[in-house]
Amino acid sequence: MRAPPAESAPEVGPRWRIEWHDELASTSDLARLRGEAGEPEGVVVIAARQSHGRGRLGRAWHSPAGNLYLSILLRPQRPASELGSLALVVGLALLEALEQSSASKLDLALKWPNDLLLGGAKLAGILLEHETVGSSAPYIVLGCGVNLEHHPELPSYPATSLRAHGIRTDRRTVTIAFLGSFERYYAQWLAVGFSPLRLEWLRRAWRHREELQLMNGSNQVRGVFSEVDEDGALILQTELGLRRFLAGEIVSVPLAGQS
Ligand code: BTN
């Protein structure tokens, strides 16, 4: 049974059906359950806080009340090989939504693959999960966490919040703006894929054309960030030539003399 809405649902386009909860273990868990139950795409699960929010690479996602935790159930009719690029599209939509929601100019950047940075620190993360059957996915769940009021102190990675930059906004405003932007981008992606959005994404990319170090599983690869391709893969110019990565995490470039 669905929990009663904790606050009135934001008015959004007809593609989206919002479920609002005070607390969940994880909005993405509930969106997956809706997917397993056969619900059509467009379910948006939002919680005021999460007890077991999760991030990429098996990490926990700090989820106190005050931030935005949102997961969307989608059933895109595109090949499974293209699905990774949808997380990049979500990043673009989130960046646009936050620019619209703030009166002041924000120093936002997209960090490949799925992070949104503010002033170089992590403001939001995106988690794309899907079940694949054959070459297609029956459903995917896109989870977004945005630090509106709070951010964790991470030993490995600086994080921030809008509040830390003196910007006050609320879940409702950001949700409406985000779902509006994402609706447009998603329709375009469904029709023609990521190709026409690639340059727009790169224009807002963190450290494009700079030297980077990528953690790919237990491997470290160093190279210059050349581009992202039409599947959203990262192309690095390394000493051994161009290399393509579908997953990984960009870490800072080591000091000279370190490997
Ligand atoms: C990352 O590691 O950067 C991705 C973080 C994704 C967090 C969001 S919060 C809403 C949704 N529910 C979860 O449990 N995780 C995602």
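A short reminder: the numbers here are calculations on the coordinates, not readings from a lab. Since the model is a prediction, treat every value here as computed from it, not as a measurement. Heads up, the Cβs are rebuilt from the backbone with ideal geometry, glycines too, and the neighbour counts pull from every protein chain shown.
List the trypsin sites (Lys or Arg not before Pro) within segment 9-73 that fall in a DSSP loop (any state other than H, G, I, E or B) and whose Cβ has at most 15 other Cβ atoms within 10 Å.
Filter output for segment 9-73: Arg15, Arg59.
What value, in deg cm²/dmol to 500, does the helix sum -39500 (n - 2.57) over DSSP H runs of n ≥ 4 give at 222 nm once divided by the residues of the chain?
Values: 4 runs with 59 residues, N = 259.
Rounded to the nearest 500, it is -7500 deg cm²/dmol.
Compare Leu162, Leu199, Leu242 in a GNM of the chain, Cα atoms joined below 10 Å, and give the one with the largest fluctuation.
Maximum among the listed residues: Leu242.
Is any helix in the chain, taking whole DSSP H runs, at least 24 angstrom long along its axis by alpha carbon and on average at least -1.0 on the Kyte-Doolittle scale, and which ones?
Counting only whole DSSP H runs, the qualifying helices are 84-101, 171-192.
How high is the relative contact order of segment 86-171, in percent, counting Cα pairs under 8 Å that sit 6 or more residues apart?
For segment 86-171, the relative contact order is 22 percent.
Would you grab the residues whose amide H sits under 5 Å from the one on Ala159? Only those 5+ places off in sequence or on another chain, please, with H modelled 1.01 Å from N.
Long-range HN contacts for Ala159: Lys122, Leu154.
What number do you get for segment 109-259 when its Cα radius of gyration is normalised by 2.2 N^0.38 Å, N = residues?
The reported ratio for this selection is 1.14.
Running a GNM on the chain with Cα contacts under 10 Å, which residue among Ser226, Ser85, Ser156 ends up with the highest mean-square fluctuation?
Looking only at Ser226, Ser85, Ser156, the largest GNM fluctuation is found for Ser156.
So what is the relative contact order of segment 156-259, in percent, for Cα pairs below 8 Å that sit 6 or more residues apart? Mind showing how you got there, number by number?
Numbers: 105 pairs, mean separation 19.4, N = 104.
So the answer I get is 19 percent.
List the GluC sites (Glu not before Pro) within segment 157-231 that fall in a DSSP loop (any state other than H, G, I, E or B) and whose Cβ has at most 11 other Cβ atoms within 10 Å.
On the way: sites: Glu183, Glu200, Glu210, Glu211, Glu227, Glu230; in loops: Glu210, Glu230.
Sites meeting the loop and neighbour criteria: Glu210.
In terms of the ratio Rg/(2.2 N^0.38 Å) built on C-alpha atoms, what value belongs to the chain?
0.98
Where nothing but the Cβ of Lys and Arg (+1) and of Asp and Glu (-1) is charged, how large is the charge dipole of the chain around its Cα centre, in debye to the nearest 20? Mind dumping the intermediate values first?
Numbers: 27 positive and 29 negative charges, 44 e Å.
In total the dipole reaches around 220 debye.
Report the GluC sites (Glu not before Pro) located in segment 94-182 that are in a DSSP loop and have at most 13 other Cβ atoms inside 10 Å of their Cβ, or state none.
Loop-located and lightly packed - Glu153.
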